[in-house]
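What follows is a single structure, written as structure tokens, with notes after it.
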Amino acid sequence: QVQVVESGGGLVQPGGSLRLSCAASRSTFYFFAMAWYRQAPGKQRDLVANITRGGDMTNYEESVKGRFTISRDNAKNTMYLQMNSLKPEDTAVYYCLFRARGDYWGQGTQVTVSS
């Protein structure tokens with residue numbers, strides 16, 4: 001069983017930055033895909049960004065391109081989401097996903113962008 005632990009959410013003003021972290025209990029080389037999703041109140045969970053096993057390819061949802069960066073540190077079994085120029089519409093619960101034979105989700109972390 002894989003354990004996944006998220007951290008880094010919080011309250012930030014518009015234009016501010018946050019970095020989310022997601023640590024897995026085993027090597028990230030075990031997973032063939034890793035991603036961040038978010039879910040705003042009353043809405044479905046949507047993909048924000050994903051990254052390949054080798055970290056050489058990334059993909060972003062249109063509204064976060066140029067502001068968010070997904071990355072991974074295989075030595076630390078950890079994935080990150082650097083979020084800059086945050087907007088109120090980025091407010092949501094953010095979830096990380098590690099995908100192997102099954103899907104392993106983090107517990108979710110609240111990000112609130114408000115003045």
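The values are calculated or read from the model by the stated rules, or taken from the named source; none is laboratory data. Keep in mind the model is a prediction, meaning the values are calculated, not measured. All Cβ positions, glycine included, derive from the backbone under ideal geometry; neighbour counts span all protein chains shown. These area figures cover heavy atoms from the full protein model, side chains too; ligands, DNA and RNA do not enter into them. Shrake-Rupley method; radii C 1.70, N 1.55, O 1.52, S 1.80 Å.
In nanometres, what is the gap between the two model label sites at Q39 and N74, each 7 Å from Cα along Cα-to-Cβ?
3.1
Leaving ligands, DNA and RNA out of it, report the carbon-plus-sulfur percent of the accessible area of the chain at a 1.4 Å probe. Provide the component values of the computation, followed by the final result.
Details: 2850 of 6130 Å².
Whole-percent figure for carbon plus sulfur exposure: 47.
Ignoring ligands, DNA and RNA, what accessible area per residue does segment 63-115 give at 1.4 Å, in Å²? All intermediate terms of the calculation are to be shown ahead of the outcome.
Working: 2480 Å² over 53 residues.
In whole numbers, segment 63-115 has 47 Å² accessible per residue.
Please name which of S25, Q82, G15 has its Cα lying farthest along the dipole of the chain towards the positive end, using unit charges on Cβ (Lys, Arg +1; Asp, Glu -1) and the Cα centre as origin.
S25
Rounding to the nearest 20 debye, state how big the charge dipole of the chain is about its Cα centre with +1 on each Lys and Arg Cβ and -1 on each Asp and Glu Cβ. Mind showing how you got there, number by number?
Working: 13 positive and 9 negative charges, 43 e Å.
Using only the charged Cβ atoms, the result is roughly 200 debye.
Kindly provide the pair-distance distribution of the chain built from C-alpha pairs, with 5 Å bins from 0 and whole-percent values in order of increasing distance.
All Cα pairs, binned at 5 Å, distribute as 2, 13, 25, 26, 19, 10, 5, 1, 0 percent.
For K87, go through the aspartates and glutamates and keep the ones whose alpha-carbon is under 16 Å away, minus same-chain ones fewer than eight residues off.
E61, E62
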